[in-house]
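The values are calculated or read from the model by the stated rules, or taken from the named source; none is laboratory data. Fair warning: this is a prediction, and the values are worked out from it, not measured in the lab. Because the Cβ atoms are built from the backbone with ideal geometry, glycine has one as well, and the counts that use them run over all protein chains shown.
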Amino acid sequence: MEKILIIYLVIINIIALALYGIDKLKAKTHHWRIPESVLIGSAIVGGSIGALLGIYLFRHKTQHKKFTIGVPFILILQIAFVIWLILR
């Protein structure tokens with residue numbers, strides 16, 4: 001079960017990072033954009049590390065507090081949840 005969870009987290013974080021990179025490219029070229037709900041949603045479902053990397057690696061959404069505060073907050077909640085699971 002743990003192996004499946006690790007594989008899932010690796011994949012969802014790669015997807016989240018890719019979503020932020022694709023959205024940044026689309027923003028530069030004035031094309032259709034990925035909805036913010038999808039970007040935030042990718043962090044919520046476990047891709048918070050990839051999303052945070054995408055924000056800073058691509059310098060994308062750095063002016064939006066829901067990303068610069070929200071995504072790190074999601075990551076902190078997820079870390080706290082994992083610690084809680086381990087310690088219970």
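Observations on the model:
- Looking across the stretch 34-55 at every residue that is free of Cβ contacts under 8 Å to residues at least 12 places away in the same chain and exposed (fewer than 14 other Cβ atoms within 10 Å of the Cβ), the one that is farthest from L77 (Cα to Cα) is identified as P35.
- Breaking point among (1) at pLDDT below 95; (2) within 25 Å of L5 (Cα to Cα); (3) surrounded by 13 or more Cβ atoms within 10 Å (Cβ to Cβ), for H64: (2)
- Test: residue in the stretch 2-17 that is of a type in the set (S, T, N, Q) and out of contact with any helix residue (DSSP H, G or I) (no Cβ under 6 Å at 6 or more places or on another chain): no
- Every residue from the stretch 26-44 that is of a type outside the set (V, I, T) and out of contact with any Asp or Glu (no Cβ under 7 Å at 6 or more places or on another chain): K26, A27, K28, H30, H31, W32, P35, E36, S37, G41, S42, A43
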